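For reference, the structure is listed below as structure tokens.
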Amino acid sequence: MFEVGDSVCYIDTKAGKKVVCHGMVLEIKEQIKISYHNTNGQEIIWVDPTEIDKINSSRCSHNAECGWCDDTGECIYEQK
């Protein structure tokens, strides 16, 4: 269902309120490791597959899947 590099939507409820965050799948095992940005910066967490929804599929050209570009095409590895 999910593949590394997929863009996903995750609802962050850590702060006691629901915040919709867009992230990227980094690794897949029993749970799925995702990277997303919230008001505190980048978060990398393991989630249950039922906690995220797939937005679209994309692959990082640098095979980094760090999530920093958030599918904007502005890769931090290409910035000078």
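The numbers here are math on the coordinates, done by the rules we state, and not lab data. A quick note: this is a predicted structure, and the numbers were derived from the prediction, not measured. Neighbour counts are summed over all protein chains in view; Cβ atoms, including those assigned to glycine, are modelled from backbone coordinates with ideal geometry.
Please give, to one decimal in nm, the separation of the simple spin-label points placed at Val20 and His37, each 7 Å out from Cα toward the Cβ. Simple spin-label model gives 1.8 nm for this pair. Annotation: lysines with alpha-carbon distance below 27 angstrom to Lys54 (same-chain offsets under eight excluded): Lys14, Lys17, Lys18, Lys29, Lys33.
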